[in-house]
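The values are calculated or read from the model by the stated rules, or taken from the named source; none is laboratory data. Here the structure is a predicted model, which means the values were calculated and not measured. Glycine gets a Cβ as well: all are built from the backbone with ideal geometry, and neighbour counts include every protein chain shown.
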Amino acid sequence: MYEEVPEGVSFPKSIDDIQTLVKQANREGFNVTARSAGTSLAGQTTGGGVIMDVSRFMNRILEIDADSKTAHVQPGVIRDTLNREAAKSQLLFGPDTATTNRCMVGGMIGNNSSGSFSIKYLTTREHTLEVEAILSDGTKAVFKPLTSNELEAKKKLDNLEGHIYRSMLKLLERNKELIEKSYPHKDIIRRNTGYALDKMLEMQTFTPNGRKFNLCELLCGSEGTLAMTASAKLDLSQLDKHKLVIVPQFES
């Protein structure tokens, strides 16, 4: 069995705690690995530095808005817990992993989780509207859909967030043809082949009538390597009124 003993474990209670930890890591030179439920199968939430476990304290549902069909949650919220609350408004968060009774939103974003109903609900990426994130220098940024004017304003920021936007746009423009040629076909729903650069090319900056530019789609599936999720705004779906099980039989 794979095992790695960390130097320490942190249980942040707030966004300020995450920022303090990341800034300390920068000063002292240790790495931080984000962890929620730890249900992934490839050891993504193990590491030799400090494990930042959000499951103990950052597990609140901050808001469910039935009118906009959205939920604002902390990363330690269990998927089934969210859906029990959402069901009161006839809503649900669609992605349904096999570990749905214990997996948490932070990990679902990191893994871009899907599940057995992915044909209908697709993946976590399609349901993540905004992410309040802590960057590698300990500063906070909110990634969400941006209009052209808002994107231009982000590019002018004289900080790490501004650098991220400028660098990402240059990277995408410079490698557009290579990305389109090399990435899996768009019809393949359940895939995590590195960072979702191909998804970024579907946005308005590169595709007429595309989606608004939103770095949330890049964070989904990035396994916590780009930023720490402090909270997320999720898109909810209408709860089905009826469920039906069909058992087909075939001659063999």
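In this entry, residue 232 passes the filter for residues that are touching a Cys at 6+ places or on another chain (Cβ under 9 Å), buried (at least 21 other Cβ atoms within 10 Å of the Cβ) and modelled with pLDDT of 95 or more.
Set side by side, the residues 93, 57 differ, and just one is aromatic (Phe, Trp, Tyr), modelled with pLDDT of 95 or more and surrounded by fewer than 16 Cβ atoms within 10 Å (Cβ to Cβ), which is 57. Is one or more of the residues making up region 67-77 in contact with a Leu (Cβ under 8 Å, 6 or more places away or on another chain), of a type outside the set (A, V, I, L, M, F, W, C), buried (at least 20 other Cβ atoms within 10 Å of the Cβ) and more than 19 Å from residue 237 (Cβ to Cβ)? Looking through region 67-77, at least one residue is in contact with a Leu (Cβ under 8 Å, 6 or more places away or on another chain), of a type outside the set (A, V, I, L, M, F, W, C), buried (at least 20 other Cβ atoms within 10 Å of the Cβ) and more than 19 Å from residue 237 (Cβ to Cβ). The condition of being hydroxyl-bearing (Ser, Thr, Tyr), touching a residue at least 40 places away in the same chain (Cβ under 8 Å) and touching a Phe, Trp or Tyr at 6+ places or on another chain (Cβ under 9 Å) holds for only one of 55, 10, that being 55. Scanning region 180-201 for residues that are among the charged types (D, E, K, R), assigned to a loop (DSSP other than H, G, I, E, B) and free of Cβ contacts under 8 Å to residues at least 60 places away in the same chain gives 186, 187, 191. Of the residues making up region 103-125, just one is without any contact (Cβ under 8 Å) to a residue 60 or more places away in the chain, surrounded by fewer than 24 Cβ atoms within 10 Å (Cβ to Cβ) and hydroxyl-bearing (Ser, Thr, Tyr), namely 116. Assess whether residue 15 counts as being touching a residue at least 40 places away in the same chain (Cβ under 8 Å), more than 15 Å from residue 4 (Cβ to Cβ) and among the hydrophobic types (A, V, I, L, M, F, W, C). In short, yes.
Residues in region 168-179 that are in a helix (DSSP H, G or I) and surrounded by 11 or more Cβ atoms within 10 Å (Cβ to Cβ): 168, 169, 171, 172, 173, 176, 179. Among the residues making up region 213-242, those that are among the small types (Gly, Ala, Ser), in contact with a strand residue (DSSP E or B) (Cβ under 8 Å, 6 or more places away or on another chain) and not in a strand (DSSP E or B) are 224, 227.
The single condition among (1) on the phi < 0 side of the Ramachandran plot; (2) surrounded by fewer than 16 Cβ atoms within 10 Å (Cβ to Cβ); (3) free of Cβ contacts under 8 Å to residues at least 24 places away in the same chain; (4) not aromatic (Phe, Trp, Tyr) that residue 209 does not meet is (1). Would you point out the residue of region 141-167, among those that are outside any helix (DSSP H, G or I) and not hydrophobic (A, V, I, L, M, F, W, C), that is nearest to the chain's Cα centre (by Cα)? Ranking the candidates gives 144 first. In summary, helices (runs of 4 or more DSSP H) completely within region 23-140 and bearing 2 or more residues that are within 23 Å of residue 216 (Cβ to Cβ) and among the β-branched types (Val, Ile, Thr) occur at 105-111.
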